[in-house]
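Derivation of every value follows stated rules applied to the coordinates shown; laboratory data play no part. All figures in this text were calculated on a predicted structure; none of them were measured in a lab. Note that each Cβ is placed from the backbone with ideal geometry, even for glycine, and that neighbours are counted across all protein chains shown.
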Amino acid sequence: MTDTMSIVKPYSREWLLSDRPTSRKQARLGRAYVIWRRFSENRLALAGLGIILALVFVAIFANVLAPHSPVQGDLRNARLLPPGTDGYWLGTDDQGRDILSRLIYGSRLTLFVVVLVAIIAAPIGLIVGTVAGYAGGWIDAVLMRITDIFLAFPKLVLALALVAALGPGIENAVLAIAVTSWPPYARIARAETMTFRNSDFIAAVKLMGASPWRIVLKHVIPLCFSSLIVRVTLDMAGIILTAAGLGFLGLGAQPPLPEWGAMIASGRRFILDQWWVAAMPGVAILIVSLGFNLLGDGLRDALDPKEAGQ
């Protein structure tokens, strides 16, 4: 008699949802399909994903999409024009520069900050948390006390102190934000590690002769990815706001770079009469931050193991 699994087409819905996968590839694809199906049921999460994809698209094709130069303006003929005037859809600033073009190019700086902070802070927090949770004892105490020291300072205040010491600039701002962002990731990774460090599969790996570092790197860290991805996505909005705050205070990206926080700072002088100069970058920050929050909420629900059994 022909086995039922042999007649199921590969990559079909039945093949992906099989409770008896025949390979690791099938198991991974099946889990990814289930996660996507749960994620796609959340319309707000899909809206957040659409906002982030639009941000990436705009950043990649900024040269094509921007109708004007983001750094060169027309002081004589285009200073502080309202939205919709002479082809300036979002108006111009006090230097006669097109606000829409500056927002489009500013999306590159926003993605630059977000991606670099995630690349720097997430691995540091993941390694510190998993090592502390798995090792325990004095190693856990030392690493967690260091984490508590960073958590004791408000993130923005600590970032301001670091940037003031390092000097203004987008690179120093990224470094300062990354240094202040890793402690929550370490806490999450430690909590996740402590839930399964004494589990049977970890004991089996020990019996096979695996070293503690191999156990942490190959078995513990992958299990923390889901929680870490959710937390990093939810923190993206805070990272954007911190970067905008540093730019607003003149400690982030320096002129004439079209950083959204710096654009708000330059437009605050005209907030009563030429409101669009500060309002447009503020709306951009609001939309992108909302997109990351919606995406993070959707990922949290989709990756929740409690939902998997329902």
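Numbers at a glance
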item: Two-decimal log10 I(q)/I(0) for the range 75-136, as the Debye equation yields it once each C-alpha is a single scatterer, q = 0.23, 0.25, 0.30 Å⁻¹; result: -0.86, -0.92, -1.08
item: Whole-percent pair-distance distribution, where bins are 20 Å wide, for the alpha carbons of the chain; result: 27, 48, 22, 3, 0
item: Length gained when the stretch ILE139-ALA161 is fully extended (0.36 nm per residue, less Cα-Cα span); result: 5.1 nm
item: Amide N of the range 136-155 lying under 18 Å from the label point, which is placed 7 angstrom from the Cα of LEU249 along Cα→Cβ; result: 150-155
item: Cβ-defined net charge surrounding ASP273, 14 Å radius [Lys, Arg +1; Asp, Glu -1]; result: +1
item: Förster-model FRET efficiency, 35 Å R0, ILE146 and LEU207, C-beta, rounded to 0.05; result: 0.60
item: Rg/Rh for the range 95-178, where both radii come from Cα atoms and Rh is the Kirkwood radius; result: 1.14
item: Cα extents of the range 1-81 along the three principal axes, largest first (Å); result: 85, 24, 17
item: Inverse of mean 1/r across different Cα pairs in the range 26-184, Kirkwood, Å; result: 19.6 Å
item: Relative contact order %, the range 175-310, counting alpha carbon pairs below 8 Å whose residues are six or more apart; result: 22 percent
item: Signed unit charges on C-beta, dipole axis of the chain, positive-most listed residue MET280, ALA237, LEU17; result: LEU17
item: Rounded to the nearest 20 debye, dipole of the range 57-155 from Cβ charges on Lys, Arg, Asp, Glu; result: 80 debye
item: Charge dipole magnitude, Cβ of K and R +1, D and E -1 - the range 180-287, Cα centre, debye nearest 20; result: 440 debye
item: Measure of compaction for the range 164-310 (Cα Rg per 2.2 N^0.38 Å); result: 1.44
item: Counted charge near THR233, where neighbours are those whose Cβ lies closer than 13 Å (Asp, Glu -1; Lys, Arg +1); result: -1
item: Around LEU143: net Lys/Arg minus Asp/Glu count, Cβ-Cβ under 14 Å; result: +1
item: Student exercise, the chain dipole from Lys, Arg, Asp, Glu Cβ charges, in Debye to nearest 20; result: 820 debye
item: Relative contact order computed over the range 209-266 (Cα-Cα under 8 Å; 6+ residues apart), in percent; result: 22 percent
